[in-house]
Amino acid sequence: MNLQLVTPLTGLLFILVFGGLAAVRQQGLSLQFTLEGLALTAIATALIFLAGVPVNPVFFLIVIYLVTMRSRWLVDLGNFLSQRRLHGAALAAFDLAQRLWPDPMGRLLACIGKGVAYLKAGSPEQAVETLQDALARLPSGIHPRYEAGCRYNLGLAYRRSGREEEANREFYRVLAVDEDSLFAIAARTALRQGPSAGREDEDMPVEESDQ
């Protein structure tokens, strides 16, 4: 095989693999991810064959990952920091993920992660506002666990704000959306324990890792 073809083939394989993973996770197809990946691969190909500039395939793989998956690894970073109670740094990571022109799924994950971070930071009203915004951004064709996770954490935010009726409504909606998920199990527990459980309920990220 012509070694000059390794880098373009690496780009195409990356698009196929990560696009396939998104399909398996039922996150919906991202036209933005595909176009960005193809554009970077086209630039690398032009550098190699038109300008005669060698592009190391390993270096190119790192670049295409960091660029196309920028919102996802920032969400992972935000979740990591939030779990370690580094709330300010976590919120900054989620804010950056939202500002770097993410695709619809990346924007949703960043928004939900930010809402959970507000919950962990003890700011339930800000969590309510953020998670309501996330619900308004739900892309079509995604797995119901994403809506279930958003509604479960919204229910916790309502409960910690003293809005028990609204909290219970969201917990019941979790059961209606995805009754077999971990969020449904947590919602049933929250409904059974009632407001006395309050701050002992566990806020849960939608995904620990998206890569």
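The values are calculated or read from the model by the stated rules, or taken from the named source; none is laboratory data. Note that this is a predicted model, so its numbers are computed, not measured. Backbone-built Cβ (ideal geometry, glycine too); neighbour counts: all protein chains shown.
Residue count for the range 182-211 under the criterion of being modelled with pLDDT under 90 and within 30 Å of Phe33 (Cβ to Cβ): the result is 9. Is it true that Trp73 is closer than 30 Å to Ala121 by Cβ and in a loop (DSSP other than H, G, I, E, B)? For Trp73, the condition - closer than 30 Å to Ala121 by Cβ and in a loop (DSSP other than H, G, I, E, B) - is not met.
Taken residue by residue, the range 146-158 has no member that is in contact with a helix residue (DSSP H, G or I) (Cβ under 9 Å, 6 or more places away or on another chain), at pLDDT 95 or above, among the polar types (S, T, N, Q) and surrounded by fewer than 21 Cβ atoms within 10 Å (Cβ to Cβ). Checking each residue in the range 121-148 for being in a helix (DSSP H, G or I), among the hydrophobic types (A, V, I, L, M, F, W, C) and more than 20 Å from Asn79 (Cα to Cα) picks out only Ala136.
Return a yes/no flag: does the range 129-140 have any residue that is buried (at least 24 other Cβ atoms within 10 Å of the Cβ), outside the structural domain of Ala44 (by TED's automatic domain parsing) and touching a Lys or Arg at 6+ places or on another chain (Cβ under 7 Å). Before the answer, list the steps.
So in the range 129-140, the residues buried (at least 24 other Cβ atoms within 10 Å of the Cβ) come out as 130-131, 134.
Filter again for outside the structural domain of Ala44 (by TED's automatic domain parsing), leaving 130-131, 134.
When the remaining residues are screened for being touching a Lys or Arg at 6+ places or on another chain (Cβ under 7 Å), the result is 130.
For the range 129-140, residues buried (at least 24 other Cβ atoms within 10 Å of the Cβ), outside the structural domain of Ala44 (by TED's automatic domain parsing) and touching a Lys or Arg at 6+ places or on another chain (Cβ under 7 Å): present.
If you go through the range 71-97 and pick out every residue that is buried (at least 18 other Cβ atoms within 10 Å of the Cβ) and of a type outside the set (A, V, I, L, M, F, W, C), you end up with 6.
Looking at Ala187, Ala121, can you tell me which residue is surrounded by 23 or more Cβ atoms within 10 Å (Cβ to Cβ) and among the hydrophobic types (A, V, I, L, M, F, W, C)? Spell out the reasoning first.
Working: Ala121 fails: surrounded by 23 or more Cβ atoms within 10 Å (Cβ to Cβ).
None of the other options fit; the residue is Ala187.
For the range 149-180, filtered to residues that are among the charged types (D, E, K, R) and outside any helix (DSSP H, G or I), the residue that is nearest to Ala134 (Cα to Cα) is Asp178.
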